[in-house]
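The values are calculated or read from the model by the stated rules, or taken from the named source; none is laboratory data. Small disclaimer: the values here were computed from a predicted structure and weren't measured. As a convention, Cβ positions derive from the backbone with ideal geometry for all residues, glycine included, and neighbour counts pool all protein chains shown. Just so you know, the surface numbers come from the protein's heavy atoms only, side chains and all, with ligands and any DNA or RNA stripped out. Shrake-Rupley method; radii C 1.70, N 1.55, O 1.52, S 1.80 Å.
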Amino acid sequence: MRRKEFIDIILNNISDKFDIYHNYWFKDKKFVIYAYCYNHNNKYDGAGESLKLWEAKSFEHLFFINRDNLDMKDFESLKDFAIHEIEPHFVRGDGKCPVKHHLYSYISFIIITRNKPSKEVEKAIQNVRWTKNYKLSTKGYCELRFACVTPREYHIISNDCAKDIKDYLMESLLHVEHYEDN
């Protein structure tokens, strides 16, 4: 199996919940896949829109990157791009605050590499702790999540916020009978 086939396995499992865009460009960066998920929850007291007790909107922006190597410079550049370009545009719509009734947004990256990253890069990924609160959290928050997977070595590294992604990727890898990186 190749990295592309591994991506296809992931996409097949998330396609019911995510809108998926292939070869997605944003600013000057190309992502193999951009997947978007929006959840809307509310509670009514009786019938009718006017009797709504609460409403909450949550979002996940999932970016796939496929590359041979991930070095420190590339990782820092990606993290900076996420904070200064992706968050303002995708979460706040280039404004000051997210949409009305915003609860949370995740900006998530799955970086699929041919070669395992260096210990320095692994440590940098694990140490990412970036959360932005909007209006003292009354307008919700945003978290940055990173997972880097090297399928041929069955190796996954992530930050704490991306633990669920790491677990999912490991489960997906363990169900692959044989991995070949051609």
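Each DSSP beta bridge with both residues in the chain is either parallel or antiparallel, and the antiparallel ones are about 55%. Too long at a 18 Å Cα-Cα cut-off: which of K29/K79; K4/K163; K57/K132; K57/K100; K57/K139? In this structure, K4/K163 lie more than 18 Å apart at Cα.
Straight Cα distances below 13 angstrom link K123 to the aspartates and glutamates D71, E76, D160, with same-chain residues fewer than 8 positions distant left out.
In a fully extended conformation the segment linking S137 and E171 would gain 8.9 nm over its present Cα-Cα distance, using 0.36 nm per residue. Anyone know which of K166, K116, K135 comes out most mobile in the 10 Å Cα GNM of the chain? Highest fluctuation among the options: K135.
The spacing between the stretch 1-35 and the stretch 118-180, judged by their C-alpha centroids, is 16 Å.
Computed about its Cα centre, the charge dipole of the chain is approximately 580 debye, with only Lys, Arg, Asp and Glu carrying charge at their Cβ. For the pair H40 and E55, label points projected 7 Å from Cα toward Cβ lie 0.8 nm apart.
Solvent-accessible surface of the chain, averaged per residue with a 1.4 angstrom probe and all protein chains in place: 56 square angstrom. Here the calculated FRET efficiency for K163 and D74, from their Cβ-Cβ distance with R0 = 35 Å, stands at 0.95, rounded to the nearest 0.05.
The shape of the stretch 109-182 can be summarised by an equivalent ellipsoid whose semi-axes, obtained from the alpha carbon gyration tensor, come to 29, 14, 8 Å from longest to shortest.
Just the number, please: carbon plus sulfur as a percent of the accessible area of the stretch 119-169, 1.4 Å probe, no ligands or DNA/RNA counted. Working shown, then result.
Details: 1260 of 2630 Å².
Carbon and sulfur: 48 percent of the exposed surface of the stretch 119-169.
If you run the Gaussian network model on the chain, springs between alpha carbon atoms under 10 Å, then out of L136, L70, L144 the most flexible one is L136.
Largest GNM mean-square fluctuation among T138, T113, T150, using the chain with Cα springs under 10 Å: T138.
Spin-label pair H84-D19: with each label point 7 Å from Cα along the Cα-Cβ axis, the two points sit 2.9 nm from one another.
Exposed loop sites here are GluC sites (Glu not before Pro) assigned a DSSP state other than H, G, I, E or B and surrounded by at most 11 other beta carbons within 10 Å; excluding them, the longest clear run of the chain is 1-176. Accessible-area rank, largest first, for K30, K100: K100, K30, with all protein chains present and a 1.4 angstrom probe. Alpha-carbon geometry of the stretch 1-144: the Rg and the Dmax are 17.5, 57 Å, given in that order.
From its DSSP helices (H runs of at least four residues, each -39,500 (n - 2.57)), the chain gives a residue-normalised ellipticity at 222 nm of -7000 deg cm²/dmol.
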